Amino acid sequence: MDDIFGMRKGLYLLFFLSLSGVVCVSIRYSLPEEKKRGSLVANVLKDLKFEPGELLTRRAQLVSNTNQQYFRLDPHSGNVLVNEKIDREALCGLADPCLLLTKIALEKPLEVNSIELKIEDVNDNSPKFSKNELNLEVPENVPTNTRFPLESAQDPDLGGNSVQNYTLSPNEHFRLDVQSDEFGSKYVDLVLEKPLDREKQAHLGLTLTAVDGGVPQRTGTVRININVLDINDNFPEFTQSEYKVQLKENSPEGTLVFKVEARDLDFGSNAQITYSFHRVPEKVRNLFQLHQSTGEITVLGPIDYEEETSYYMNIKATDGGGLSGHCKVLVEIEDENDNAPEVSLISTSSTMREDSPLDTVVALFSVTDRDSGENSKTSCSVETNIPFALKATGNNNYQLMTQRPLDREKDPEYNITITATDWGSPRLTSKRTIRVLISDINDNPPEFEKSKYEMQLWENNIPGLLMGSVRAVDLDVEENAKVTYSLLPSNASGAPMASYVSINSETGNLYVLRSLDYEQIKDFQVTVRASDGGSPPLSSEAVVRVSVLDENDNAPFFLYPLQNSTSPCNDLVPKSVEAGYLVAKVVAVDGDSGQNSWLSYELLKATDPSLFSLGAQNGEVRTRRALTERDTNKQRLIIQVRDNGHPPQTSTATLNILPVDGFSDPYMNIASVSHEVIEEEDSSLTMYLVVCLAAVSFVFLICIILFVVIKMHKKESSFITALPHFPPTLPEIPETGVDSQSGSLSRNYRYDVCLTGGSLSSEFRFLRPLIPVFSVGDPKVSENHRISSGSQVIPEQVEGREPREQYIMFKHKVVQLHNAEQNFREYLLSHIAVVRNQQPSSLQAESEKFS
């Protein structure tokens, strides 16, 4: 058990050392076989140049390359000793030289030293015969110098230790003749030197000794018993010297072929005949068997007519006296239909063009059958569902030709099976398949998967972005199927299509070359052409429609109040309004489309959040409640508009609302209100009020002076009331039917369109009369004309009246004019804004309510 463990440990160590690549030193020793256990082989200390004890300290181990540990190492002395007895013949057989390899493994450092042991042969085996006795029967009339071959002795030793000579015990009749063949083997024959005489000596006993060349010599012996037979003077005789028989091929084993018979006129053992093959090839011995007693020849192996049509056999009949007779047997083999026809290709075209003309030869082949007669006649055919046919050319030769046009796209290759059938019974068939590849011609244009492609692209794209791809398939192959893509010239929005889109000529990938804006171009289409690499090239076209998808890239823009305007936006609201009163309508637009353009309004900040509300959808600013004295005279609303995009975008605008008393909605210039500092707003408003009051007072004074002058110079003229300076209004027919050309202001609301600097929309203004309006009277005009709301009936003519009456009327009109001036001054002080974006009906209702 310890030896096995040590051996395994040594093998593992050897394996590790071999992996580590430690260099080995080789030592050679020789050792005779059959050494006893513990015998000294060699001392490795001197050869390895080690100090005494070094093997022990370095834990030296002796590792064998075989499973058997024949040697062991003494680490104290360095002696390599025999561990097990070695038998060279068992270990190496006849191999020479016989080598055993082992290794000495050492540690610290790791080192491996190889030991090569040559096992030398010793003469430890004696020659040996296969039998202990040999029996020979020799007729007494055998002539001298007759040779009787004897069995050679066998010796497993090599070289000089093997059999070197034979000796025969002394006798007067026989001698030995030893010969060597080309391989050095010894053969021995027993040679008759002196005729035998059965009457004198009927039995001879000889001893044959085989001697090897070893030291000491070893011998082997065999006893030769020679029986001297009586004279046999009659030979066995066959009825015929030659026999001829027929045998069908493929006859089963044991089939009787023929029975030979010989006769001997002698008696006794001399008349007992034994049959055997004589000088018959080994091939015949493997196919036929001869019964030694009966002379029956039977089938032993397979009989094939195609390999051999006949067999000759020499039959020997030997009687008991050793005399023999001979005859010949000729076995003729009859053919059977056991071979299928064979198709042999002479030439073939493995590739055919698909435009090959009819009757083009594809292959030449011949059909042969190894059988004979009718069994060798053949017929040939191919399938009927292929565009090929066979044509016989004689001597079992055929041509395979095209019969119908070829189409590679339908059938790129054909596996043509040729079927050959013989005429034997039963009929045998063989098949041969010829593979024919159809080469391509450019007969198919590329075809797109779709005739029209739809692609979508978000606006603001990155230039060079992949939009999509088109794919065309060409049923041809190789260069004929190599598709190249290109764009046909066209325009989109006045620019060449090549500036918008490019296409990869190999892959069909479409790339956008510029960043697109949905608001400028919503879609476009391009025509793609796919051309193959054939000659001439074929092509097809497909239309690609690209839809640009809108992104939320535009923030809403306020039209009212005008966004980014340098002038503030002010709206007036009477202090007497009730809840739900429409103050203003906020209007915004968004350059995007669809959901991105849906707008919603939100009131971000207000001076008094409880006073006004904002419609989320329509942008209407309405009062939540009635105004009170506690409410400030200026309300500031910060309004945010948000679109419905993702992410949403917003814009803000500021709307100033001024609650006023005596609201009469005149058209007036708007005093600028600063958005930056409240103190600047108040100072600007005060300045504009002072200017307006001065202007009104100046106009009023001029009107009084003019009125006095006119009345003084033209007593008969009617006086007119000077109006504040308004922009000119369009003529309108008053409710009373008086022509507007008379100079009177209609009671109906008058509208006028003003476009301020930077405005994007019309701003509507309406007017209603502030003071009674008097037209210059026509003497023919009736007194019943209604001038306007709140006006009095004025005499159309003042001529002929008394001066006092004229003075009273003049004074009355001056008072009215003064009251109008006071009302207008209050209006200017309270209303520094213009109502915008209000329907005429709502303005009219508000005006009537204010009146």
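Laid out as a table, the results:
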| read-out | value |
| --- | --- |
| Radius ratio Rg over Rh of segment 447-549, counting only Cα atoms, Kirkwood formula for Rh | 1.01 |
| Linear extension gain, Leu99 paired with Glu506, 0.36 nm per residue minus alpha-carbon span | 139.5 nm |
| Euclidean distance of C-alpha centroids, segment 243-277 and segment 325-400, integer Å | 43 Å |
| Straight-distance crosslink candidates among lysines, where the alpha carbon sits under 28 Å from Lys605 and sequence neighbours closer than 8 are dropped | Lys575, Lys585, Lys634 |
| For segment 412-455 versus segment 143-165, the gap between their alpha-carbon centres in whole angstrom | 73 Å |
| Contour minus Cα-Cα distance for Ser347 and Asn43 (0.36 nm per residue) | 101.9 nm |
| Restricting segment 140-184 to GluC sites (Glu not before Pro) in coil, as DSSP defines it, with at most 15 other Cβ within 10 Å | Glu151, Glu172, Glu182 |
| Those chymotrypsin sites (Phe, Trp or Tyr not before Pro) in segment 276-307 that DSSP places in a loop and that have at most 14 other beta carbons within 10 Å | none |
| Distance violations [Cα-Cα > 30 Å] among Lys36/Lys128; Lys128/Lys328; Lys131/Lys194 | Lys128/Lys328 |
| Gln399-Lys482 FRET efficiency (beta carbon distance; Förster radius 22 Å; 0.05 resolution) | 0.05 |
| Rounded to whole Å, sorted largest first: equivalent-ellipsoid semi-axes of segment 97-182, Cα gyration tensor | 52, 11, 10 |
| Semi-axes of the equivalent ellipsoid for segment 557-660, Cα gyration tensor, largest first, Å | 27, 14, 10 |
| Order of Tyr312, Tyr601, Tyr688 - criterion: other Cβ atoms within 10 Å of each residue's Cβ, fewest first | Tyr312, Tyr688, Tyr601 |
| Loop-located trypsin sites (Lys or Arg not before Pro) in segment 125-212 whose Cβ has at most 11 other Cβ within 10 Å (DSSP) | Lys131, Lys200 |
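Where a number appears in this text, it was derived from the coordinates with a stated rule and is not lab data. Quick caveat, the model's predicted, so the values are computed rather than measured. Virtual Cβ from ideal backbone geometry, glycine too; neighbours counted across all protein chains shown.
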